[in-house]
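Take a look at the structure set out below.
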Amino acid sequence: MFFLITLIVAWCSIIYEILLSTLSSYLIWNSILQFSLTIGFFLFWLWIGSNLSKYIKKSLDTFINIEVLLWILGWLSVIIIKLAYINLADYDIIFNLFYLLFVITIWLLTWFEIPLISDIISKITQNKDIKNIIWDVFSYDYIWALIATLAFPFLFLPYFWLTYSAIIVGLLNLIAALLFLVHKPIKEIFIKEKKYTKSLIKIFIWIVILFWWFIFSASKFENIWDHFFYREPILLKTHSPYQQIVITKRWNDIRLLLDWHLQFLSLDEHRYHNSLYSQAKNYLTTLNWPKNILILGWGDGLLARNIIKSLSGQIFKITLVDLDPKITNLAKTFPILVKLNKNSLNNPNLKVINQDAFKFLLKTNTKYNVIIADFPDPRNIELAKLYSKEFYLLVKKHLKPWWIFTTQAGNAFFTKESFWCIYKTIKSIWENPFAYHSYIPSFWDWWFIGFKKWGKISQLTWTYILTNFDKDYKVNLNKIKENTLDNEIIVNYYIKWRKRFTE
């Protein structure tokens, strides 16, 4: 029984660790920093909690109380951090400090558990071989930790997301306390001390409260959070193993948000997609032979819509590669998206492949007339690889003799270091990349970069921008590093905008 309890508490602690890291990385973007801080403090407080646990006299009572406290903090963790973000969103340092203090509290309680269990086993069984007891306890702890790390991405995140995952894991802490209490040797001690009925009733009351919250109140809080964050009616809210997906509507304006980050407004998305496709359109309309086109990223079908419309009556093939099947399925079936993208993803000339774009280029041998990369901004290392030198080398490998490549490159005013990092990285592959921009009200001045082995280059080059644009768009290009898989510096460049414009 003790080892089953060990499995449960170890499982809960690992899930809390991953869950809180995931939430903070969504809110603050820098996933490396958030996971590093969370895991680092988790391990540090292993030492603190283990040392403090030896001063605890009443191990049995303390273990029960710790499980109850962990339940309260655990199932409220997502809610508390979201509420803190609502009130401290404009103060990154204060929010980070609050987050760390909250994490430290959970980890301190978590790392009381294993020493306490070892101590209780030793006392109940009167086993003096504490070395073997600790070995057995930690063996179960490590085994269950592996299962937990697999359960979070494959079970909890895709099916329960964050708030409900925290509630379920909190329930497991209460179950551990209940199993502990009904274990015969422990039960006899509590009965002897006349604490058993009181402790049992307390745990059952907490379980009832948890189920009440799960059924009636968690969704209400989520509605409060949604009202604060989206500030407009929600038409769809769902999630996939990769991200949370929200579609909202205000008047005639449809918005898509992924992990709380805006992807498009229907009022001006045509400006973005027309600009992204403009260079390729000029090229494709001159070809008299079948066209083969590759779209990498954003499976909403809006870019594909523009391509299909411009090539009406011609022979062409489009391959759209997007990691998340949930997005492409919504683009095929959700009426509002289908209306916006003109049913483009159901076009017989278009093939959808749900795969990481980098892996797709590694495996395929197909060559294309046009490749267009439409990825989210490089705010984390998962996205940074799609702006790396190695990625652009793969793109080059899959282009036909006469071709054009274009990628979105962000806002050259707010994220100028990131923009010029993309430019310099592409320039290391192709000698004279071109840059051009378009004013999109929802995203301000948005920029695109590409290269073409066709026609004349008349777009904006670095020399032109250096000469004609004001200082807010300029950087010392010699100080900007290329983005590579070994050094994904673009994440640091991109995050600078928060410090420059929000603090």
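Structure above, values below:
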quantity	calculated
Scope the stretch 363-379; condition buried (at least 20 other Cβ atoms within 10 Å of the Cβ), within 28 Å of Glu417 (Cβ to Cβ) and not charged (D, E, K, R); matching residues	Ile371, Ile372, Ala373, Pro378
Selected residue (only one of Ser199, Ser217 is among the small types (Gly, Ala, Ser) and either surrounded by 15 or more Cβ atoms within 10 Å (Cβ to Cβ) or at pLDDT 70 or above (or both))	Ser199
Filter pass, Ala331 being under 13 Å from Asn347 (Cα atoms), of a type in the set (A, V, I, L, M) and free of Cβ contacts under 8 Å to residues at least 40 places away in the same chain	yes
Breaking point among (1) more than 22 Å from Ile353 (Cα to Cα); (2) surrounded by fewer than 17 Cβ atoms within 10 Å (Cβ to Cβ); (3) more than 31 Å from the chain's Cα centre (by Cα), for Lys309	(1)
Those residues of the stretch 425-449 which are charged (D, E, K, R) and either closer than 12 Å to Ala412 by Cβ or crowded, with 17+ Cβ neighbours inside 10 Å (or both), in sequence order	Lys427, Asp445
Where Val78 falls short, out of the listed (1) at pLDDT 80 or above; (2) exposed (fewer than 15 other Cβ atoms within 10 Å of the Cβ)	(2)
Among the candidates Thr366, Thr328, residue that is in contact with a Leu (Cβ under 7 Å, 6 or more places away or on another chain) and among the hydroxyl-bearing types (Ser, Thr, Tyr)	Thr328
Complete set of residues in the stretch 264-289 that are within 17 Å of Asp445 (Cβ to Cβ), among the small types (Gly, Ala, Ser) and either crowded, with 17+ Cβ neighbours inside 10 Å or at pLDDT 90 or above (or both)	Ser275
Filtered residue count, the stretch 375-412, keeping only those that are touching a helix residue (DSSP H, G or I) at 6+ places or on another chain (Cβ under 9 Å) and over 23 Å from Lys496 (Cβ atoms)	10
Of all residues in the stretch 312-350 being outside any loop (DSSP other than H, G, I, E, B) and among the β-branched types (Val, Ile, Thr), the one that is nearest to the chain's Cα centre (by Cα)	Ile327
Contacts under 7 angstrom Cβ, first residue in the stretch 427-449 being in contact (Cβ under 8 Å) with a residue 12 or more places away in the chain, partner acidic (Asp, Glu) and in a loop (DSSP other than H, G, I, E, B), 6 or more apart	Ser428/Glu482; Ile440/Asp268; Pro441/Asp268; Ser442/Asp268
Subset tally (residues that are over 26 Å from Ser312 (Cα atoms) and either touching a helix residue (DSSP H, G or I) at 6+ places or on another chain (Cβ under 6 Å) or touching a residue at least 24 places away in the same chain (Cβ under 8 Å) (or both)) for the stretch 334-364	8
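The values are calculated or read from the model by the stated rules, or taken from the named source; none is laboratory data. None of the values given here were measured: they were computed from a predicted structure. Cβ: placed from backbone, ideal geometry, glycine included. Neighbour counts: every protein chain shown.
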